[in-house]
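Take a look at the structure below.
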Amino acid sequence: MRGLISVFLILSSLFSMAQVGVGIEDPKAAVHIGKDVRLKDVRNVEGSMEAYPKHLIADEKGNLAVFTGLPTDLVFKNVVTTKMNNIVNIPNDNTKDRNVEYEEASLELSTKIVVPAHKTYVLEVTYSIPSMHPFSGTPKGEFGVFVKKKQGNTEFEKIKKSVRSFSTSYKNANTTTANGRAIGYTYVDTVENNTDKPLEVIYDLYGFTNRINLRNYSIRFGTYTDNSNNYNWGKGLVLVTINELIK
């Protein structure tokens, strides 16, 4: 008889634990927590998406679920930001009405990314560079910005797909407004490192002018003022968003 009572008590306790409430009187799930949740010494698995591909998520009512993977095969890693410290000028010839041939100059925005061994990174290189031709006039030609890339031991190479230019073939604004543009673009680059060593990738931005006729003044890259007038463009910068491609 005593054994039968013991079995009955055990079964009763199991049934009573079918829905357990913590800080709540009327549980609606097997374990229903009605208070703030705190976990101690939780393992940090940052950067281990392949080993830990599942994510614990919750809806607006607090219901927990597991989500596997991401909407894409890209895993966000980091963002690297580099800003211009100095204005870069590409001067024009002082001969009246002379078209100056193509010229370029580094904007001193060199940014280095390291791709780990046997990893593939998808890099979004975004730049925004204020560019001005001060004073009034009717310049002709174009000026713009592009990216150069150095991967490993190779030489710097101009990325033609990254070029963004502004044509000044028509009459521009006069001195009462800003004579220039904030030139921006995003170039997406995929870098695959199949070696056993880290791979360095360096991006550098360049400003250029092509047959600009500005008489005796220059194109300014990265400028934010002109004769104490602030045009609210800020200094030039480049952002490199780093994503890992999970195959």
Conditions (1) at pLDDT below 80; (2) farther than 30 Å from residue 222 by Cβ; (3) loosely packed, with under 10 Cβ neighbours inside 10 Å: number failed by residue 38: (1)
Given (1) closer than 29 Å to residue 243 by Cβ; (2) modelled with pLDDT under 75, index of the condition residue 43 fails: (2)
Unmet criterion (only one of (1) modelled with pLDDT under 85; (2) loosely packed, with under 10 Cβ neighbours inside 10 Å) for residue 66: (1)
Restricting the range 19-30 to residues that are out of contact with any Gly (no Cβ under 7 Å at 6 or more places or on another chain) and under 15 Å from residue 61 (Cβ atoms), the residue that is most open to solvent (accessible area, probe 1.4 Å): 28
Where a residue in the range 218-247 is under 26 Å from residue 50 (Cβ atoms) and modelled with pLDDT of 90 or more and its partner, wherever it lies, is of a type in the set (Lys, Arg) and open to solvent by 60 Å² or more (accessible area, probe 1.4 Å), with Cβ under 6 Å and at least six apart: 242/77; 244/77
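The values are calculated or read from the model by the stated rules, or taken from the named source; none is laboratory data. Since the structure is predicted, the reported quantities are computational estimates derived from the model, not experimental observations. Note that each Cβ is placed from the backbone with ideal geometry, even for glycine, and that neighbours are counted across all protein chains shown. With ligands, DNA and RNA removed, areas are computed over all heavy atoms of the protein, side chains included. Shrake-Rupley method; radii C 1.70, N 1.55, O 1.52, S 1.80 Å.
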